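Visitor: Have a look at this one.
The values are calculated or read from the model by the stated rules, or taken from the named source; none is laboratory data. The structure displayed is predicted, hence computed values, not measured ones. All Cβ positions, glycine included, derive from the backbone under ideal geometry; neighbour counts span all protein chains shown.
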């Protein structure tokens with residue numbers, strides 16, 4: 001383990017901040033200055049303003065927690081994993097080792113859904129989230145579509161429990177249901193919107209992922225098979241069967257996969273296939289309807 005800072009109850013906030021910055025820099029953490037500030041605030045329970053206004057205030061009883069958080073962060077463990085929470089679409093969501101850490105680029109799916117279904121915001125839509133994980137997408141979509149109902153499916157029972165907890169915490173449990181299953185197996189009915197953030201990393205590339213992902217995200221949610229497209233070949237044919245007239249499928253994809261995933265969609269009988277970019281200008285999702 002990377003050596004962490006040596007912090008005591010008498011250590012001033014400013015001293016602790018400098019120590020964390022040094023520790024993270026040595027450990028190769030990207031943007032160590034920002035990471036030190038965010039980690040110190042999270043671990044000590046103070047606001048960024050308090051850190052600026054009262055820099056000489058001692059850590060007190062928070063010293064041990066700051067020490068632990070700093071040591072874990074220095075190994076590459078994301079802060080969201082350490083504190084067990086991640087903000088997604090303005091919602092504070094619980095995460096666990098059994099689910100992906102929701103990332104900002106996945107919000108592209110929510111943005112695309114709001115654009116495509118802009119004239120149906122108040123309709124009683126039926127939404128399906130395949131590979132629901134933490135429930136981030138389903139929570140965000142049900143928050144925005146106030147009359148919609150949603151179903152989330154995940155092969156992991158542990159992930160399903162996390163999703164249920166987040167939906168309940170967001171006040172959405174009465175409009176949602178979570179089931180454990182293998183993609184669309186056993187699903188019937190028609191859905192106005194099907195969303196998915198499936199595993200899409202080629203198996204051979206997993207070992208080369210950044211350590212924040214490789215060592216802390218569940219490989220079950222990352223491994224997309226030999227070419228990264230295994231999940232799409234399972235999801236897209238069944239999604240076409242489950243979509244209601246006028247319904248849409250929105251699925252996240254990895255960099256450079258837009259052409260291949262669009263080809264799978266076309267082969268499955270989708271005729272209106274669109275690509276959306278994330279804020280970094282990367283093709284991030286394919287939207288398709290029959």
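Visitor: Inside the range 164-175, can you point out the residues that are touching a strand residue (DSSP E or B) at 6+ places or on another chain (Cβ under 6 Å) and without any contact (Cβ under 8 Å) to a residue 40 or more places away in the chain?
Guide: Correct list: 164, 167, 175.
Residues checked against (1) surrounded by 24 or more Cβ atoms within 10 Å (Cβ to Cβ); (2) over 19 Å from residue 251 (Cα atoms); (3) at pLDDT 95 or above:
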| residue | (1), (2), (3) |
| --- | --- |
| 130 | yes, no, yes |
| 138 | yes, no, yes |
| 141 | yes, no, yes |
| 151 | no, no, yes |
| 154 | yes, no, yes |
| 163 | yes, no, yes |
| 166 | yes, yes, yes |
| 175 | no, yes, yes |
| 180 | no, yes, yes |
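Visitor: Of the residues 68, 107, 122, which single one is in the same structural domain as residue 158 (by TED's automatic domain parsing) and surrounded by fewer than 19 Cβ atoms within 10 Å (Cβ to Cβ)?
Guide: 122
Visitor: Just need a number here: residues in the range 114-139 that are under 16 Å from residue 247 (Cα atoms), outside any loop (DSSP other than H, G, I, E, B) and touching a strand residue (DSSP E or B) at 6+ places or on another chain (Cβ under 9 Å).
Guide: 8
Visitor: Let me ask something additional. Quick one: which strands (runs of 3 or more DSSP E) lie wholly within the range 170-252 and hold at least 1 residues that are within 24 Å of residue 139 (Cβ to Cβ) and over 20 Å from the mean Cα position of the chain (by Cα)?
Guide: Once the strands (runs of 3 or more DSSP E) in the range 170-252 are filtered for at least 1 residues that are within 24 Å of residue 139 (Cβ to Cβ) and over 20 Å from the mean Cα position of the chain (by Cα), what remains is 191-196, 243-252.
Visitor: Hey, among the residues in the range 11-31 that are outside any helix (DSSP H, G or I) and in contact with a helix residue (DSSP H, G or I) (Cβ under 8 Å, 6 or more places away or on another chain), which one's nearest to residue 211 (Cα to Cα)?
Guide: Applying the filter and picking the extreme gives 29.
Visitor: Determine which single condition residue 46 fails, assuming it passes every other condition in (1) surrounded by 20 or more Cβ atoms within 10 Å (Cβ to Cβ); (2) outside any helix (DSSP H, G or I); (3) free of Cβ contacts under 8 Å to residues at least 40 places away in the same chain.
Guide: Unmet condition: (1).
Visitor: Separate question: Consider residue 56 carefully, then state whether it is free of Cβ contacts under 8 Å to residues at least 12 places away in the same chain and either outside any helix (DSSP H, G or I) or out of contact with any helix residue (DSSP H, G or I) (no Cβ under 9 Å at 6 or more places or on another chain) (or both).
Guide: In short, no.
Visitor: Next question, about the same structure. On the given criteria, is residue 72 without any contact (Cβ under 8 Å) to a residue 24 or more places away in the chain and in contact with a strand residue (DSSP E or B) (Cβ under 9 Å, 6 or more places away or on another chain)?
Guide: no
Visitor: Collect the residues in the range 141-165 that are closer than 15 Å to residue 194 by Cβ and either outside the structural domain of residue 285 (by TED's automatic domain parsing) or in a helix (DSSP H, G or I) (or both), keeping them in residue-number order.
Guide: If the condition is that a residue be closer than 15 Å to residue 194 by Cβ and either outside the structural domain of residue 285 (by TED's automatic domain parsing) or in a helix (DSSP H, G or I) (or both), then 141, 142 are the ones that fit.
Visitor: Looking at 244, 239, can you tell me which residue is buried (at least 21 other Cβ atoms within 10 Å of the Cβ), touching a strand residue (DSSP E or B) at 6+ places or on another chain (Cβ under 6 Å) and within 16 Å of residue 127 (Cα to Cα)? Full working, then the answer.
Guide: Numbers: 244 fails: buried (at least 21 other Cβ atoms within 10 Å of the Cβ).
Being buried (at least 21 other Cβ atoms within 10 Å of the Cβ), touching a strand residue (DSSP E or B) at 6+ places or on another chain (Cβ under 6 Å) and within 16 Å of residue 127 (Cα to Cα) holds for just one of 244, 239, which is 239.
Visitor: If residue 30 satisfies all but one of (1) over 23 Å from the mean Cα position of the chain (by Cα); (2) over 14 Å from residue 62 (Cα atoms); (3) surrounded by fewer than 19 Cβ atoms within 10 Å (Cβ to Cβ), what's the number of the condition it fails?
Guide: The number of the failed condition is (1).
Visitor: Then there's this: Tell me whether the range 84-95 contains one or more residues that are in contact with a helix residue (DSSP H, G or I) (Cβ under 6 Å, 6 or more places away or on another chain), modelled with pLDDT of 95 or more, surrounded by fewer than 20 Cβ atoms within 10 Å (Cβ to Cβ) and not assigned by TED's automatic domain parsing to the domain that holds residue 216.
Guide: no
Visitor: While we're here: Could you tell me whether the range 23-31 includes any residue that is free of Cβ contacts under 8 Å to residues at least 60 places away in the same chain, out of contact with any strand residue (DSSP E or B) (no Cβ under 7 Å at 6 or more places or on another chain), more than 29 Å from residue 97 (Cβ to Cβ) and not assigned by TED's automatic domain parsing to the domain that holds residue 210?
Guide: no
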